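Participant: Pasting a structure here, questions to come.
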Amino acid sequence: MMRYDLHLHTNISRCASMRMTPETILKIAKRKGLDGIAPLDHNTIKGSLRVAKSNKDKDFEVITANEVKTQYGDVIIYYINEDPPSNDLFELLDFAKEIDAVVSIAHPFRFMPHLHFNYPIRKIANKIHAVECLNSRTLPFENKKAVRIADELNLAKTAGSDAHFPFEIGRGYAVFYDDFRTAVKKRKISVGGNSLAYLPGNFLTFIKRRLQIQI
Ligand SMILES: [Zn+2]
Ligand SMILES: [Zn+2]
């Protein structure tokens, strides 16, 4: 059985802590008993590649990923080694297909209008593979909605902490057998963890943005 945190930010993200270095991320992820992670940042794979490069442990997997801000909301592309040529949702989905990436819609039902996914998922269900069904910075009822749509459209489920600070790593995770790609294909992934990181995590990000301080 594998347990992966499939959504955590690195210190490349301006909204994340400067302490989210590759070394710290790997150390804490392993300490929390994870078998793998997908580090990512918005619109760049720089941080993700750095973490992958720092990982020397054959028993621990780093999946390179990118959380792309499209015109309709955040889309996570897994198994990506170069930045996508466009942030347009449809061009991004075409690109993802070309490079055989796995696509998941991040936190689709966050209630804040600028943070949820504003395009009907059913209309792109044949072009994506998964929906993020547990995001630890998203409220439980918003995550439940994501579970419902994934089940309804027969899409795989992904999960992650959306960590911006080291203490959040591993709070949300996906559980599967085989490898992640196979598990996505078989739609055999369950999600675990909690949304209790929501308050302290989001509060710290708010403070950080507001005061422009390094924490
Ligand atoms: Zn996001
Ligand atoms: Zn994120």
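Participant: Excluding Pro120 itself, what net charge comes from residues whose Cβ is under 15 Å from its Cβ, given Lys and Arg +1 and Asp and Glu -1?
Facilitator: Details: positive: Arg122, Lys123, Lys127, Lys145, Arg148; negative: Glu152.
That sum, taken over residues with Cβ under 15 Å, equals +4.
Participant: In a GNM of the chain with a 10 Å cut-off on Cα contacts, which of Pro39, Pro140, Pro108 has the highest mean-square fluctuation?
Facilitator: Among Pro39, Pro140, Pro108, the largest mean-square fluctuation in the Gaussian network model of the chain belongs to Pro140.
Participant: Here's something else I'd like to know. Could you list Met2, Met18 in order of exposure, starting from the residue whose Cβ has the fewest other Cβ atoms within 10 Å? Intermediate values should be presented prior to the final figure.
Facilitator: On the way: Met2 17, Met18 11.
Starting with the residue having the fewest Cβ neighbours, the order is Met18, Met2.
Participant: For a quick check: with amide H placed at 1.01 Å from N, whose amide H comes under 5 Å from Arg110's, ignoring anything fewer than 5 positions away on the same chain?
Facilitator: Phe117
Participant: Hey, another quick one. Over all directions, how big on average is the projection of the convex hull of the alpha-carbon atoms in the chain, in square nanometres? List each step's numbers first, then the result.
Facilitator: Working: hull surface 42.0 nm².
If you wrap the Cα atoms of the chain in a convex hull and average its projections, you get 10.5 nm².
Participant: Pairs of Cα atoms under 8 Å, at least six residues apart: use those to get the relative contact order of the chain, whole percent.
Facilitator: 22
Participant: Also, I was wondering about something else. Can you grab the distance from the C-alpha centre of region 153-173 to the C-alpha centre of region 1-56, Å, no decimals?
Facilitator: Cα centres, region 153-173 to region 1-56: 12 Å.
Participant: If each residue of separation counts as 0.36 nm, what is the full-extension length gain between Val147 and Arg187 once their alpha-carbon separation is subtracted?
Facilitator: Values: separation 40, 0.36 × 40 = 14.40 nm, distance 1.25 nm.
That works out to 13.2 nm of additional length.
Participant: On the first, second and third principal axes, largest extent first, how far apart are the outermost C-alpha atoms of region 20-97 in Å?
Facilitator: Cα extents, longest axis first: 38, 19, 18 Å.
Participant: Placing +1 at every Lys and Arg Cβ and -1 at every Asp and Glu Cβ, with all other atoms neutral, what dipole size does the chain have around its Cα centre, in debye to the nearest 20?
Facilitator: It works out to roughly 600 debye.
Participant: Determine which lysines satisfy two conditions relative to Lys188: a Cα distance under 24 Å, and not lying fewer than 8 residues away in the same chain.
Facilitator: Cross-link targets: Lys30, Lys32, Lys58, Lys97, Lys123, Lys127, Lys144, Lys145, Lys157.
Participant: Below 13 Å, Cα to Cα, which aspartates and glutamates can Lys69 reach? Residues fewer than 8 away in the same chain don't count.
Facilitator: Cross-link targets: Asp41, Asp83, Asp88, Glu91.
Participant: Still on this model: Under a 10 Å cutoff between Cα atoms, tell me which one of Leu153, Leu89, Leu49 has the largest fluctuation in the Gaussian network model of the chain.
Facilitator: Greatest mean-square fluctuation among the candidates belongs to Leu153.
Participant: Any chance you could list the semi-axes, whole Å, largest first, of the equivalent ellipsoid that the Cα gyration tensor gives for region 71-132, using √(5λ)? Can you show the working numbers first?
Facilitator: Details: eigenvalues 74, 28, 22 Å².
Computed over region 71-132, the values are 19, 12, 11 Å.
Participant: In addition: If we count other beta carbons within 10 Å of each Cβ, what is the order of His164, His107, fewest first?
Facilitator: So the ranking, lowest neighbour count to highest, is His164, His107.
Participant: Computed on alpha carbon atoms, what radius of gyration and Dmax characterise region 129-179, expressed in Å?
Facilitator: Here Rg and the maximum Cα pair distance are 11.4, 34 Å.
Participant: Percent antiparallel among DSSP beta bridges with both residues in region 2-211, to the nearest 5?
Facilitator: 55
Each reported figure results from applying straightforward, stated rules to the coordinates on display, with no laboratory input. A quick note: this is a predicted structure, and the numbers were derived from the prediction, not measured. As a convention, Cβ positions derive from the backbone with ideal geometry for all residues, glycine included, and neighbour counts pool all protein chains shown.
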